[in-house]
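Engineer: After the C-alpha cells below, expect a handful of questions from me.
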Amino acid sequence: MLYFCFSLAAVLLAAHEQFDDIEGQVCADLGCGCGTFAAGLCSLSADYCFGFDIDSYALKICVDNMDNLEIYNADFVQCDVSKVDKRNSPRLENCVDTVFMNPPFGTKGNKGADISFLSAAIYMSRNTVYSLHKSSTRRFILKKAQQWGVEAEVVAELRFDLPAVYKFHKCETQDVQVDFLRFSKIRRSVA
C-alpha cells in the first residue's frame, strides 16, 4: 500500500492550486522510488507521468502501487538520472512539461547528487521543476539556478523526520529542514 507523507501531499497540492503546473501536463518524477510523487501527479490529473529510478526493486514496488491504485497513465524507466544530459540522452531534452523530485540530498557518499538531479530535471523539463533540497544548501542552489539562467523560488519550508538507514547514522531519526523549490525556465521573446 502507498502512503503519502503529509508534507509531500501538501507540496503537490500547492503546485497544483497555486501554479497550475500539473493538470493536463506531461510530468516526470525523477528518483521516483515507490512512486509517491507519480501517484500524486496522476491523481491531480496529469495527462501522463514518467518515473525514473536506478533501483529495480523500488520500481517494482512503484508499479505494484500504481496497479493497486488503478493508475494507468504512468510508465517507469530504470536509469541513472544523474547521467541524463545532452550528450547521453539527447531525446530527453524538453521531453516533459513539469518535473517533481526528491533527489538524494548530496551529503556524505552522495556529494553533488542533488545538483546532478537538478541539472537533469531542468534539461528534461520544458517549463517547471519542483524539487526538495536541504535548507542549508539554499544559497548554493539559488546561485546554481541563476548560473543556469533559471528562475528559482522557495515555495515552502518543511521539516522532515528522517529515520536512520545507514550504519554511520548516530540517531534513530533526524529532523531535517527542507526547502521545496520551484524552478522555471525564463522565456525570452524572439523579435
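Rule-based calculations on the coordinates, nothing more; no lab input. This one's a predicted model, so the numbers in the text were calculated from it and none came from an experiment. Don't worry about glycine lacking a Cβ; one is built from the backbone with ideal geometry, like all the others, and counts go over all protein chains shown.
Engineer: Which aspartates and glutamates, on any chain, are close to residue 170 with Cα under 16 Å apart, when same-chain ones fewer than 8 places away are left out?
Structural biologist: Filter leaves 161.
Engineer: Number of Lys pairs in region 1-158 with C-alpha atoms less than 19 angstrom apart, excluding same-chain neighbours closer than eight positions?
Structural biologist: Within region 1-158, the lysine pair count is 9.
Engineer: Would you mind telling me the antiparallel percentage of the DSSP bridges in the chain, rounded to 5? Show your work: numbers first, answer last.
Structural biologist: Details: 20 of 39 bridges.
Antiparallel: roughly 50 percent of the beta bridges in the chain.
Engineer: Rank-order 33-42, 95-104, 70-79 by packing density, defined as the average count of other C-beta atoms within 10 Å over each peptide's residues, highest first.
Structural biologist: 33-42, 95-104, 70-79
Engineer: Here's something else I'd like to know. Putting +1 on Lys and Arg Cβ atoms and -1 on Asp and Glu Cβ atoms, find which of 140, 117, 66 reaches farthest to the positive end of the dipole of the chain.
Structural biologist: Projecting each Cα onto the dipole axis, the largest value belongs to 140.
Engineer: Still on this model: Once P(r) over Cα pairs in 5 Å bins from 0, in percent is worked out from the coordinates, which option in [x] 1, 7, 13, 16, 17, 17, 13, 9, 5, 2, 1, 0; [y] 1, 8, 16, 21, 22, 17, 9, 4, 1, 0, 0, 0; [z] 1, 7, 12, 16, 16, 14, 13, 10, 6, 3, 1, 1, 0, 0 does it equal?
Structural biologist: Read-out from the structure maps to [y].
Engineer: Taking 0.36 nm per residue of separation and subtracting the Cα-Cα distance, what length does fully extending residue 146 through residue 18 add?
Structural biologist: Once the chain is fully extended between residue 146 and residue 18, it gains 43.8 nm.
Engineer: Note down the relative contact order for region 21-185 as a percent, whole number, built from C-alpha pairs under 8 angstrom at least six residues apart.
Structural biologist: Computed over region 21-185, the figure is 19 percent.
Engineer: Which of the peptides 19-32, 140-153 is most tightly packed, and how do the rest follow, going by the mean number of other Cβ atoms within 10 Å of each residue?
Structural biologist: So the order, starting with the most tightly packed, is 19-32, 140-153.
Engineer: Return the sequence-ordered ³J(HN,Hα) values of region 151-156 in whole Hz as given by the Karplus equation 6.51 cos²θ - 1.76 cosθ + 1.60 applied to θ = phi - 60°, using x for Gly and Pro.
Structural biologist: Per residue, the Karplus-derived 3J(HN,Hα) values read 6, 9, 8, 7, 7, 7 Hz.
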